[in-house]
1. Scanning the stretch 126-175 for residues that are in contact with a helix residue (DSSP H, G or I) (Cβ under 6 Å, 6 or more places away or on another chain) and among the hydroxyl-bearing types (S, T, Y), which turns out nearest to D98 (Cα to Cα)?
2. Give all pairs with beta carbons closer than 7 Å in which a residue from the stretch 120-132 that is in contact (Cβ under 8 Å) with a residue 12 or more places away in the chain meets a residue that is polar (S, T, N, Q) and surrounded by 14 or more Cβ atoms within 10 Å (Cβ to Cβ); count only pairs at least 6 apart in sequence or on separate chains.
3. Determine which single condition A70 fails, assuming it passes every other condition in (1) in contact (Cβ under 8 Å) with a residue 12 or more places away in the chain; (2) of a type outside the set (K, R); (3) surrounded by 15 or more Cβ atoms within 10 Å (Cβ to Cβ); (4) closer than 28 Å to E193 by Cβ.
4. Out of everything in the stretch 175-201 that is in a loop (DSSP other than H, G, I, E, B) and either within 16 Å of V106 (Cβ to Cβ) or in contact (Cβ under 8 Å) with a residue 40 or more places away in the chain (or both), what residue ends up being most open to solvent (accessible area, probe 1.4 Å)?
5. What pairs come out if I take residues in the stretch 40-65 that are in a loop (DSSP other than H, G, I, E, B) and modelled with pLDDT of 85 or more and pair them with residues that are surrounded by 14 or more Cβ atoms within 10 Å (Cβ to Cβ) and of a type outside the set (A, V, I, L, M) whose C-beta lies under 8 Å away, six or more apart or interchain?
6. Provide a single number: the residues in the stretch 202-212 that are of a type outside the set (D, E) and part of a strand (DSSP E or B).
7. Could you list all residues from the stretch 233-262 that are among the aliphatic types (A, V, I, L, M), under 20 Å from W107 (Cβ atoms) and in a helix (DSSP H, G or I)?
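The values are calculated or read from the model by the stated rules, or taken from the named source; none is laboratory data. Since the model is a prediction, treat every value here as computed from it, not as a measurement. Cβ sites come from the backbone with ideal geometry, for glycine too, and all protein chains shown count toward neighbours. Just the protein is used for accessible areas: all its heavy atoms, side chains included, with ligands, DNA and RNA removed. Shrake-Rupley method; radii C 1.70, N 1.55, O 1.52, S 1.80 Å.
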Amino acid sequence: RRQEMICQVDRQESEHPQGVSVLYLHTAFQFHLKREYPEYKDGSFAELGDFIWGPHGNRKELPVDFLQHATLEDPCDGMQGVSLCQAIFAANPDYVGDANLFLSWVWRYNIGDLIETLYSYCKQQELNPAKTFVWMCFFCNNQRRWLRPAPGIESPDGIEVFGQNLTKIKRMLCVVDDFRDALYFGRVWTVYEVFLALMENIDIAVTLLPDACKRFCEEKPGRDFLNTIDVMKAIATEKKDETLIKDKLRKAQGGPDNVNRLVRQRLSQGLEALLGQFFAGII
């Protein structure tokens, strides 16, 4: 039955990107982690990724097959290994649906902090967490295809995949980890996502992880910290991705300097809105 469910969600993905509900992340996901990985301690998504898929996907034997994601068959290439999102759907389809929020974030964020940020965002915006389906690359990309593609098949084109999903979902939440020395500002993917959303006239919201949000609203700092955003100095885990994105942004109208200006301006507006919510008692 689970394999049939995988085929069903695969068909749904061909029509619209699928996302994982905030309710699932806030409740069942953390329960599943503790049940299936009792030795795993709360850490970052990057650490969890290494735990599930191995560093850069090189683990030969997985200690636990999380929701059977590693043994279910991918309808696209017939190989074992599906996305976590697909495995979650096969276990309980109520937790997966048409994505209505694209998440711009960094894998090095603490798991609990990010989930709490998403849940708080739903409350602030009066969104039903059970019906807020988030497209997160960690869950929604089949990491086996990206890290260990089938013989003779290249890894997916990240720029194309992320771009298509963003334009279909039409709403993006930027979760920034801090307003000083932010990981978010130094990653080429996040800068690119904000720029692409601006070019496609996609709705963009900005928020901060819990501790940073509290400090930001108390300190009400200026916006000089946004000057650290420099797309040509930003990095990606995969150097190939970094090179391709930078080449693309060099060719954008106004070049990298204009990209930096537009991204800084939009994030500044988003943070101003966050302060407004704080003074209005919304957060």
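1. By that ranking, first place goes to T132.
2. These pairs meet every condition: Y121/T207; C122/T132; Q124/Q277; P129/S21; A130/S21; T132/S21; T132/N100.
3. Here A70 clears every test but (4).
4. Among residues in the stretch 175-201 that are in a loop (DSSP other than H, G, I, E, B) and either within 16 Å of V106 (Cβ to Cβ) or in contact (Cβ under 8 Å) with a residue 40 or more places away in the chain (or both), the one most open to solvent (accessible area, probe 1.4 Å) is D181.
5. As it stands, the answer is G43/N110, since those pairs meet every condition given.
6. 5
7. If the condition is that a residue be among the aliphatic types (A, V, I, L, M), under 20 Å from W107 (Cβ atoms) and in a helix (DSSP H, G or I), then L244, I245 are the ones that fit.
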